[in-house]
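First up is the structure itself, then whatever we jot down about it.
The values are calculated or read from the model by the stated rules, or taken from the named source; none is laboratory data. All values derive from a computational prediction rather than experimental measurement. Here the Cβ is made from the backbone with ideal geometry for all residues, glycine too, and neighbour counts use every protein chain on show.
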Amino acid sequence: MLRNTNPNELITILLVIGLIFISVAKLIAPKRFNEFIIVLGNSKYLKIYSREQKLFNVFDFLLFINLIISLSVFIIITIQNYTSTKVINTNMVLKFIAGIGVFILFKTGIEYFISKLLDNNKISHNYLFQKISYKNYIGIFLLPTNALLVYAFPNNLILSYIFLSIALVINSVGGVLSYKNHQEIIKQNLFYFILYLCTLEIAPYIILCKVFIA
């Protein structure tokens, strides 16, 4: 049976869960966490930790869980603001969380698989690590953002747009820095880079938007 619950109560639970995952990440790797917090202006973090062989480790995984929770909460808040929904179905929330998690993991998995086929594992590993790091950074940014949108400025679409714009800027900064770090290789393989952008960076989001609109 589907269960409806008070939206603020459910969102509060999700915010606390996200905060717990962030706290655990800081607890197990305090030095790395402090360096990660300033990753936008700290290329040292990316250079040091991208050397690890694993694309995902415990630290990144904990922050990734917060990312999908925080992103789901942000979507829920946006839906509330657009539709004035007062009651949220718990199953719907779980579907958002599962869907976002599967989408990001599936997309990252395809990118990693293609890099294996092209025998360009080291470069793609560094690139994917940077993308994951900036996405996780957006997840941390979204946690207090969601709290503000729920408790301080409810039903405020303008602030939602502002916070969304900031998140897009963070993601864009990550993309620019990734391009800067690999610009020589990109210039040598410009056709493949454009093909990659169209098929793995642009097309999936267009398809996702069409699915939601439909």
Go over the candidates Ala167, Ala152, Ala147 one by one and state the one that is surrounded by fewer than 14 Cβ atoms within 10 Å (Cβ to Cβ) and either modelled with pLDDT of 80 or more or of a type in the set (Gly, Ala, Ser) (or both).
-> Ala152
Please specify each residue of segment 130-141 satisfying the condition of being modelled with pLDDT of 90 or more and either of a type in the set (A, V, I, L, M) or outside any helix (DSSP H, G or I) (or both).
-> Ile138, Ile140
Kindly indicate the residue of segment 142-160 that is over 22 Å from the mean Cα position of the chain (by Cα) and assigned to a helix (DSSP H, G or I) and also farthest from Thr12 (Cα to Cα) among those meeting that condition.
-> Ala152
Out of Tyr127, Tyr112, Tyr45, Tyr49, report the one residue that is buried (at least 18 other Cβ atoms within 10 Å of the Cβ), in contact with a His (Cβ under 9 Å, 6 or more places away or on another chain), under 27 Å from Val176 (Cβ atoms) and at pLDDT below 90.
-> Tyr127
From (1) surrounded by fewer than 12 Cβ atoms within 10 Å (Cβ to Cβ); (2) modelled with pLDDT of 85 or more, pick out the condition that doesn't hold for Phe106.
-> (2)
